[in-house]
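The values are calculated or read from the model by the stated rules, or taken from the named source; none is laboratory data. Because the structure is predicted, anything quoted here is derived from the model rather than measured. Note that we place each Cβ from the backbone using ideal geometry, even for glycine, and neighbour counts take in every protein chain shown.
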């Protein structure tokens, strides 16, 4: 079962891929990227300087002994990371 969150998170990346993130004061080490995709913003909300993409990753991560699945989102407009969804 999945839960929706939309919580801000701090993410470390390597070669553009998330490798770890902090959520609820716990460090989650990404073990595997399961899927990734890009969603373009509506054309009227973009500009040449800011194409306004949202990049998503579904990852398996370990917050210390229990592997879980998480959906992360990076918004290129504000350079913000959010944890969108988590699976038990």
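Quick one: would you say residue 58 is touching a strand residue (DSSP E or B) at 6+ places or on another chain (Cβ under 6 Å), in a strand (DSSP E or B) and modelled with pLDDT under 95?
Judged against the criteria, residue 58 is not a match.
Of the conditions (1) exposed (fewer than 14 other Cβ atoms within 10 Å of the Cβ); (2) at pLDDT 95 or above, residue 36 clears all except one; give me its number.
Exception for residue 36: condition (1).
Which of the residues that make up region 69-81 are surrounded by fewer than 17 Cβ atoms within 10 Å (Cβ to Cβ) and either modelled with pLDDT of 95 or more or farther than 14 Å from residue 53 by Cα (or both)?
Correct list: 69 only.
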